[in-house]
Amino acid sequence: MRKITAAVLAVFLVLCGAAPATAAIGRRVVVYYQTTHQNGSYISPLGLTDHDAGVTDVIVGAVHLNDGGTMTLNDDPPSDAKFTQMWADLATMQSKGVHALAFVGGAAKGSFQRLEQDFDTYYPLLRNLIRDHSLSGIDLDVEEQMSNDALNRVIDALRGDFGPDFLITLAPVATELSGGGGLSGLDYDRLYRERGDQISWFNTQFYCGWGSLADTSGYDQIINHGVVPASKVVAGTVTNPANCNGYVDMPTLKNTVGSLVQKYSDFGGIDGWEYFNSLPGDTAAPWEWAQQIAPTVKG
């Protein structure tokens with residue numbers, strides 16, 4: 001009876017235009033797309049849709065907020081001519097039903113400190129980027145000290161500016177969702193209690209020493225912690241051992257994901273860091289990673 005009621009409610013909300021983006025719909029196959037150029041040549045993400053790889057979301061970055069009230073995408077302004085084709089390709093993917101998000105922060109520190117210390121200068125830069133490129137959402141990759149109150153302010157502003165269908169995701173390391181520490185200093189239990197209904201899902205880092213998808217144990221610890229539900233825990237892995245330690249080969253990854261699908265009917269999905277050299281296809285066919293894991297994710 002509960003499932004029927006939930007389904008009827010979901011249909012009602014869609015018909016009323018009130019379906020919240022805060023709940024991940026179905027299982028996601030997310031690809032991070034940071035290396036947009038290599039040796040001066042542009043790397044298009046269109047292979048993911050041209051080859052029907054099953055990807056649901058592409059997250060481009062890294063967006064950095066810099067001293068002097070400036071913003072860059074990796075090393076250049078997002079408006080630089082080198083990105084013109086990339087923005088066009090992401091829009092094409094959106095027209096085919098794939099969400100395009102940008103991620104802020106990551107390993108290069110400073111963006112979130114600037115948002116905390118000078119919100120009125122730096123938040124409008126993010127808002128304008130989202131508007132200029134009609135992005136589906138934003139991924140807040142906080143890998144530096146930030147207070148919960150400051151992050152709540154960013155989330156509230158994004159939700160207020162872009163409405164219920166806008167995707168707001170975060171990228172904690174796995175231990176931050178199972179009650180331990182991590183890279184941000186944030187209290188993720190508190191964050192979920194205060195803003196969980198506004199967070200679409202977590203692109204959770206099970207790599208670089210913070211966890212592993214060689215088996216289900218790290219994911220299980222998060223669910224057993226009892227705060228964040230499986231529907232909002234997207235399991236992140238590296239797609240090539242060159243990208244960070246913790247690479248899991250495709251047969252092992254399929255086994256782990258298959259087990260997670262069996263354990264958790266609301267399993268949130270998987271994300272891969274990062275696109276351009278994803279194995280098994282490597283740089284010649286990077287879409288093959290998503291193409292091979294997507295059927296296992298979707299069951």
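Just a few scattered comments:
- Residues within the range 38-66 that are in a loop (DSSP other than H, G, I, E, B) and free of Cβ contacts under 8 Å to residues at least 40 places away in the same chain, tallied: 2
- Evaluation of residue 99 against the conditions (1) modelled with pLDDT of 95 or more; (2) surrounded by fewer than 18 Cβ atoms within 10 Å (Cβ to Cβ) shows that the sole unmet condition is (2).
- Here the range 75-120 is the region considered, the condition is being part of a helix (DSSP H, G or I) and of a type in the set (Asp, Glu), and the residue that is nearest to residue 61 (Cα to Cα) is 89.
- Flag if residue 200 is under 17 Å from the mean Cα position of the chain (by Cα) and open to solvent by 20 Å² or more (accessible area, probe 1.4 Å): no
- Filter pass, residue 259 being touching a helix residue (DSSP H, G or I) at 6+ places or on another chain (Cβ under 6 Å), of a type in the set (Gly, Ala, Ser) and either open to solvent by less than 60 Å² (accessible area, probe 1.4 Å) or under 18 Å from residue 205 (Cα atoms) (or both): no
- For the range 102-112, the set of residues classified as over 12 Å from residue 137 (Cβ atoms) and surrounded by 16 or more Cβ atoms within 10 Å (Cβ to Cβ) consists of 105, 106, 111, 112, listed by residue number.
- Which listed residue is modelled with pLDDT under 95, of a type outside the set (S, T, N, Q) and assigned to a helix (DSSP H, G or I), from 6, 23: 6
- Cross-chain or 6+ apart pairs with Cβ under 8 Å, the range 148-176 first and open to solvent by 40 Å² or more (accessible area, probe 1.4 Å), then hydroxyl-bearing (Ser, Thr, Tyr): 164/22
- Condition check for residue 249: over 24 Å from residue 289 (Cβ atoms), at pLDDT 95 or above and open to solvent by 50 Å² or more (accessible area, probe 1.4 Å): no
- Scope the range 121-147; condition part of a loop (DSSP other than H, G, I, E, B), closer than 22 Å to residue 92 by Cβ and open to solvent by 40 Å² or more (accessible area, probe 1.4 Å); matching residues: 133, 134
- Considering residues of the range 262-276 that are open to solvent by 10 Å² or more (accessible area, probe 1.4 Å) and in contact (Cβ under 8 Å) with a residue 40 or more places away in the chain only, the residue nearest to residue 43 (Cα to Cα): 276
The values are calculated or read from the model by the stated rules, or taken from the named source; none is laboratory data. Note that the structure is predicted; figures quoted are calculated from it, not measured. Cβ: placed from backbone, ideal geometry, glycine included. Neighbour counts: every protein chain shown. Each accessible area value is taken on the protein alone, full model and side chains, heavy atoms only, with ligands, DNA and RNA left out. Shrake-Rupley method; radii C 1.70, N 1.55, O 1.52, S 1.80 Å.
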